[in-house]
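Accompanying notes for the structure given below.
The values are calculated or read from the model by the stated rules, or taken from the named source; none is laboratory data. Note that the structure is a prediction, hence the values are computed from the model and not measured. With ideal geometry, Cβ positions are generated from the backbone for all residues, glycine too; neighbour counts draw on all protein chains shown. The area values use the complete protein model at the heavy-atom level, side chains included, leaving out ligands, DNA and RNA. Shrake-Rupley method; radii C 1.70, N 1.55, O 1.52, S 1.80 Å.
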Amino acid sequence: MKNTLITGITGQDGSYLAELLLEKGYNVYGIMRRKSVVDYGNVEHIKDKIHFIYADMTDVISLISAMRISQADEVYNLAAQSFVATSWEQPIATADIDAAGVTNMLEAIRTVKPSAHFYQASTSEMFGLVQEMPQTEKTPFYPRSPYGVAKLYGHWITKNYRESYGLYACSGILFNHESERRGKEFVTRKITDAVARIKQGIQEYMELGNMDSKRDWGHSKDYVRAMWLMLQQETPDDYVIATNETRTVREFVETAFAHVGIQVKWQGEGVDEVGINAENGQVIVKVNKKFFRPAEVDVLLGNPAKAEEKLGWTREIPFAELVTRMVDNDMSLVAEEIKIANLK
Ligand code: NAP
Ligand code: G4F
């Protein structure tokens, strides 16, 4: 039985990866942060099957201890301050966790078990102001946020430890991936949650920022499979994981509303744009400057050809199904919320 250590196990990807590795028979260790109220996040439903270790990416001693306890054969470093907008508000914490934190994890591996295979959660945000379309493993980087800059450090230090010390260290350059477990501050979940509330009559409209930015959106469940595949190869390498399709935020809104039978008509431009329910003329989407970023990543589009060829990875959940799954899940959660509120 192989041992695995997952940082960020309570997050979206950590939870799907933990499920996958448990299914494959791994002994799963996960690091979690101490909080005033114990919170297992997205792994509440499988918490009895996981060995939790209190640690923090900014505390190398705690990571060394996590390696000693877990004796991990495979380490998946998913922990991060992962919300781009927050990285302008907390640039130093973002760098401590997303940049220096990666070196902390690599040093812990080097000290305790250098034979362990290591996965680093790199990101399409590193392409930022994109230098070519679509983006591949060879596209030059140009990050546009403190988050993107910190992640680029994590990417290069992973490559550097591979080349300096011969560690089996891989980076997955993952494009946006979402799910029913996505945090509600990210645009997709913010939209599907609002669609559910508007449809069930407990919210009037949603407020969004840049409607024109384009993302290459896949489902987290497909993407964690790619992480595992990367660590099963003979030699470590870096791979782009994406769908090779890109859509605007506006298209995501339209698809989500369409699933609950609401057609959106658009009026105005930029900060004056609104989305209207075509049936009754109600404003259901407003643009608010507050949600615009100091610097934007206008478009992301990834080419996963290398991962498809070398890892045999394929995306199984198409865009329409991703949106449907998220909306259906939020429709149920909101219905439950209304039921409980009415019982009180
Ligand atoms: P997420 O849901 O925000 O999860 C982040 C995880 O990191 C949480 O478990 C969080 O723990 C943990 N964490 C944060 N700061 C920590 C610290 N100082 N020490 C230990 N743990 C800490 O993110 P995700 O969407 O699953 O993404 C997983 C990874 O992939 C992240 O590194 C992200 O940057 C990267 N990535 C994501 C995408 C995407 O589209 N989802 C794309 C490319 C790359 P708490 O529960 O305690 O907050
Ligand atoms: O959902 P988002 O916040 O994700 P973003 O910034 O693309 O970052 C995500 O994907 C990265 C991979 O490329 C990950 F590395 C990162 O950890 C994270 O998972 O925003 C998507 C787009 C942006 O262009 C944003 O400006 O949606 C636009 N947007 C428009 N209105 C909004 C909103 N984003 C948010 N969060 N909230 C809005 O109201």
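Could you grab me the full set of residues in region 24-46 that are more than 21 Å from the chain's Cα centre (by Cα), over 15 Å from residue 76 (Cβ atoms) and open to solvent by 60 Å² or more (accessible area, probe 1.4 Å)? Let's see the steps before the verdict.
Keep residues of region 24-46 that are more than 21 Å from the chain's Cα centre (by Cα), which gives 24-27, 34-38.
Within this subset, residues satisfying the condition of being over 15 Å from residue 76 (Cβ atoms) are 25, 34-38.
34, 35, 36, 37, 38, listed by residue number.
Quick check on my filter: what residues within region 142-163 are part of a loop (DSSP other than H, G, I, E, B) and near ligand 2 (Cβ under 10 Å from one of its atoms)?
144, 145
Mind listing whichever residues of region 1-40 are of a type in the set (Lys, Arg) and either closer than 14 Å to residue 51 by Cβ or free of Cβ contacts under 8 Å to residues at least 24 places away in the same chain (or both)? Reasoning before the result, please.
As a first pass, look at region 1-40 and keep what is of a type in the set (Lys, Arg): 2, 24, 33-35.
Within region 1-40, 2, 33, 34, 35 meet the criteria.
Identify, please: which residue in region 234-263 is over 28 Å from residue 279 (Cα atoms), among the charged types (D, E, K, R) and touching a residue at least 24 places away in the same chain (Cβ under 8 Å) and is, among those, least open to solvent (accessible area, probe 1.4 Å)?
Narrowing region 234-263 to residues over 28 Å from residue 279 (Cα atoms): 234-246.
Of the ones still in play, those that are also among the charged types (D, E, K, R) are 234, 237-238, 245.
Going one step further and asking which of them are touching a residue at least 24 places away in the same chain (Cβ under 8 Å), we end up with 237-238, 245.
On the way: 237: 46, 238: 11, 245: 61 Å².
This residue is 238.
Run residue 60 past the list (1) touching an Asp or Glu at 6+ places or on another chain (Cβ under 8 Å); (2) open to solvent by 70 Å² or more (accessible area, probe 1.4 Å) and report the number of the one that doesn't hold.
Single failed check for residue 60: (2).
For region 220-233, indicate whether the set of residues that are crowded, with 19+ Cβ neighbours inside 10 Å and near ligand 2 (Cβ under 9 Å from one of its atoms) is non-empty.
The answer is no; no qualifying residue exists.
How do the pairs read when you match residues in region 307-322 that are assigned to a loop (DSSP other than H, G, I, E, B) with residues anywhere that are open to solvent by less than 60 Å² (accessible area, probe 1.4 Å) and among the acidic types (Asp, Glu), using Cβ under 6 Å and keeping only pairs 6 or more apart or on different chains?
As it stands, the answer is 315/222; 316/222; 317/222, since those pairs meet every condition given.
For residue 119, work out the one condition from (1) among the hydroxyl-bearing types (Ser, Thr, Tyr); (2) open to solvent by 10 Å² or more (accessible area, probe 1.4 Å); (3) more than 16 Å from residue 99 (Cβ to Cβ) it doesn't fulfil.
Residue 119 satisfies every listed condition except (2).
So, in region 118-141, exactly how many residues are more than 11 Å from ligand 2 (Cβ to nearest atom) and out of contact with any strand residue (DSSP E or B) (no Cβ under 7 Å at 6 or more places or on another chain)?
Counting residues in region 118-141 that are more than 11 Å from ligand 2 (Cβ to nearest atom) and out of contact with any strand residue (DSSP E or B) (no Cβ under 7 Å at 6 or more places or on another chain) gives 8.
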